[in-house]
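The values are calculated or read from the model by the stated rules, or taken from the named source; none is laboratory data. All values reported here derive from a predicted model rather than from experimental measurement. Every residue, glycine as well, gets a Cβ built from its backbone with ideal geometry; the counts of neighbours run over all protein chains shown. Only protein heavy atoms, including side chains, enter the accessible area calculation; ligands, DNA and RNA are left aside. Shrake-Rupley method; radii C 1.70, N 1.55, O 1.52, S 1.80 Å.
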Amino acid sequence: MALPSNHFRSSVGSKVVMALSGLGLVIYVILHMLGNLQVFQGSHAFNGYAVFLRDMPILLWTARIGLLSLAAFHIVLAIQLTLRNRHARPVAYAVREYRQASFSSRTMAASGFVLLFFIIFHLFHLTADMIDPSSVDRLDVEGHRDVYGKLVHAFQNPFIMALYLAGQLGLGLHLNHAVTSSLQTLGFEYVAFNRLFKAAGPTVALVVVLGNVAIILAVFLGIVHG
Amino acid sequence: MKFTLNIWRQKGPDERGRLVTYEARDVSSGMSFLEMLDSVNQGLIAKGEEPVAFEQDCREGICGSCSLVINGIPHGPDRGITTCQLYMRRFPDGAVITIEPWRARAFPIIKDLVVDRRALDRIMQAGGYISVHTGGAVDGNVLLISKDQAETAMDAAACIGCGACVAACKNASPALFVGAKVSHLALLPQGKPERTSRVKAMLEAVDREGFGSCGNQNECEAVCPKRISVRFIATLNREYLWSGVVESGLPAEPESPHAESA
Ligand code: HEM
Ligand code: SF4
Ligand code: FES
């Protein structure tokens, strides 16, 4: 009965797995944002970065499979826990007032699903190239795949830009609660650090969203161009 | 003072309930919330109607019997008090007040505003105790406990088991209650020997009773009449994680679930 696998099947155990898988994804989201900021260094640097990533197929595929399994754990447990939580209060209150629970903490399932649909769209759009028929895979002057050109082409389209901004809204809402929450789930608590833990979520959310939005808007407003 | 009350009326556990509107007249501002309900009930009895059932006992904020979600907040608009410590002067004259029971699958309604909170007792029976015989009370300072430790244990031990944390939680999770109980025992030498089995048994009971899981939204802390801190939820999670590390690999030990919660 003391097997760890059993340990993780309880609702607190599920939350721990969610927190760990979620934090893994958070680290990825931060690196992804930092990597993409290289658009500001121009097409040479950015396409070079893309080549650098694609030149390491083993690493690339390990990362992809790792991310996919993290996401799978996270999403399956999220659905399981959300259903359990809905079930736990069959009759809703007629009047309800929240004092302390933040909006983002109460909408984790919703922001999570916005994220899920956004991630699927994003993969079809820029990884699999299946959304925008007007986007063509060209080579740049150095003979590298012109990922920079593809990105600039994508965000010049107002619809695509709006969808990406909506995705960032979902991401910001989710991360705002998620990072702080995962610390509590993992048992971090120490009087001197509690304010730091509370600030962790909003800070990470702000940094990641600002970075990503800067890229999207810079292209749309013509600051970064082909 | 005069108030319009929307009160949840439900004849029995399997009946359909609904909000019924009553007028409370001639309420003095010095009346407590429960005294106001007493006077409404006197009126109902005089008219030959069934009085509103609600729970109370000590009426001084120590027993944890009173409940009531008042205008959407368990224990009403003031922080750090129970419903029985709430006074009518807190409401503007003529206010509309909606009164509902704690709502959770694990707290089935018995009648009107009275819910069955024995799920919390069963969580306690699963592990919220120490089973060593301690004999008579020992002299002070025989067991040396640091001031910090003693104070923190006392903060956790202030929980009166009212269940407002469950009522306030969007997921109907009792994490604050369980966190308080587990922390207060884990912090003291008497509670340490059973530390790992206790936290596991109590959390298994939580899942068995059909409560939701903690989303760390911290609404519980904001309504708790004893202002129990959510740091004890982190402590609970830490104790649980630790129990997994310490006990994994040990031989299985048969443990029968408590009969009442089967
Ligand atoms: C893709 C679809 C996603 C869904 C459906 C989803 C759903 C959820 C839900 C419902 C929770 C709250 C669990 C609870 O309070 O009981 C949660 C927590 C969390 N999510 Fe997600 N999420 C998704 C994606 C992500 C992504 C992409 C990240 C990282 C960038 C992430 C990071 C986290 C973290 C760190 C937590 C905190 C876990 C905790 O409370 O301990 N999630 N997620
Ligand atoms: S933690 Fe607070 S709200 Fe929850 S049962 Fe104890 S006293 Fe009541
Ligand atoms: S009646 Fe005892 S705490 Fe309110």
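Structure summary
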item: Given (1) closer than 20 Å to B:E209 by Cα; (2) in a loop (DSSP other than H, G, I, E, B); (3) at pLDDT 95 or above; (4) away from ligand 2 (no atom under 13 Å from the Cβ), index of the condition B:V52 fails; result: (1)
item: Residues within the range B:136-154 that are assigned to a helix (DSSP H, G or I) and surrounded by fewer than 10 Cβ atoms within 10 Å (Cβ to Cβ), tallied; result: 1
item: In the range A:86-99, the residues that are open to solvent by 60 Å² or more (accessible area, probe 1.4 Å), over 24 Å from B:V96 (Cβ atoms) and facing chain B (nearest Cβ under 7 Å); result: A:H87, A:P90
item: Selection status of B:G80, within 14 Å of chain A (Cβ to nearest Cβ), at pLDDT 95 or above and either within 16 Å of ligand 2 (Cβ to nearest atom) or buried (at least 16 other Cβ atoms within 10 Å of the Cβ) (or both); result: yes
item: Helices (runs of 4 or more DSSP H) within the range B:189-252 that include 1 or more residues of a type in the set (F, W, Y); result: B:231-247
item: Qualifying helices (runs of 4 or more DSSP H) (wholly inside the range A:41-110; at least 1 residues being modelled with pLDDT of 95 or more and more than 16 Å from ligand 3 (Cβ to nearest atom)); result: A:57-87, A:103-106
item: Identity of the residue in the range B:212-221, within 8 Å of chain A (Cβ to nearest Cβ) and touching a helix residue (DSSP H, G or I) at 6+ places or on another chain (Cβ under 7 Å), that ends up nearest to ligand 2 (Cβ to nearest atom); result: B:E221
item: Lone unmet requirement of (1) within 14 Å of ligand 1 (Cβ to nearest atom); (2) within 14 Å of chain B (Cβ to nearest Cβ) for A:V208; result: (2)
item: Candidates B:D155, B:D148, B:D139, filtered to the one that is assigned by TED's automatic domain parsing to the domain that holds B:G215 and either of a type in the set (F, W, Y) or modelled with pLDDT of 95 or more (or both); result: B:D155
item: Answer from B:S67, B:S28 - the residue that is over 19 Å from B:G163 (Cα atoms), part of a loop (DSSP other than H, G, I, E, B) and more than 12 Å from every other protein chain (Cβ to nearest Cβ); result: B:S28
item: Single condition B:A53 does not satisfy, out of (1) within 16 Å of ligand 3 (Cβ to nearest atom); (2) under 28 Å from B:L185 (Cα atoms); (3) open to solvent by 10 Å² or more (accessible area, probe 1.4 Å); result: (2)
item: Subset of the range A:123-145 [part of a loop (DSSP other than H, G, I, E, B), surrounded by 15 or more Cβ atoms within 10 Å (Cβ to Cβ) and out of contact with any helix residue (DSSP H, G or I) (no Cβ under 6 Å at 6 or more places or on another chain)]; result: A:D132
item: Some residue of the range B:22-42 being among the hydrophobic types (A, V, I, L, M, F, W, C) and surrounded by fewer than 15 Cβ atoms within 10 Å (Cβ to Cβ); result: no
item: Selection within the range A:174-201 - within 14 Å of chain B (Cβ to nearest Cβ) and more than 27 Å from A:F8 (Cβ to Cβ); result: A:V191, A:A192, A:R195, A:L196
item: Count of residues meeting criterion [open to solvent by 30 Å² or more (accessible area, probe 1.4 Å) and not small (G, A, S)] in the range A:148-165; result: 7
item: Residue that is nearest to the chain's Cα centre (by Cα), among those in the range B:141-200 that are among the basic types (K, R) and closer than 27 Å to B:P74 by Cα; result: B:K181
item: Selection within the range B:117-135 - more than 16 Å from ligand 2 (Cβ to nearest atom) and assigned to a loop (DSSP other than H, G, I, E, B); result: B:Y129, B:I130, B:S131, B:V132, B:H133, B:T134, B:G135
item: Residue, most open to solvent (accessible area, probe 1.4 Å), within the range B:180-202, restricted to residues that are β-branched (V, I, T) and farther than 21 Å from B:R227 by Cα; result: B:T196
item: The lone exception for A:S5 - which of (1) more than 9 Å from ligand 1 (Cβ to nearest atom); (2) surrounded by fewer than 20 Cβ atoms within 10 Å (Cβ to Cβ); (3) at pLDDT 90 or above it fails; result: (3)
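Here's the yes/no breakdown for (1) within 14 Å of another protein chain (Cβ to nearest Cβ); (2) within 16 Å of ligand 3 (Cβ to nearest atom); (3) within 17 Å of B:N237 (Cα to Cα):
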| site | (1), (2), (3) |
| --- | --- |
| B:I130 | no, no, no |
| B:D139 | no, no, no |
| B:V142 | no, no, no |
| B:A150 | no, no, no |
| B:M154 | no, no, no |
| B:A158 | no, yes, no |
| B:H184 | no, no, yes |
| B:Q190 | no, no, no |
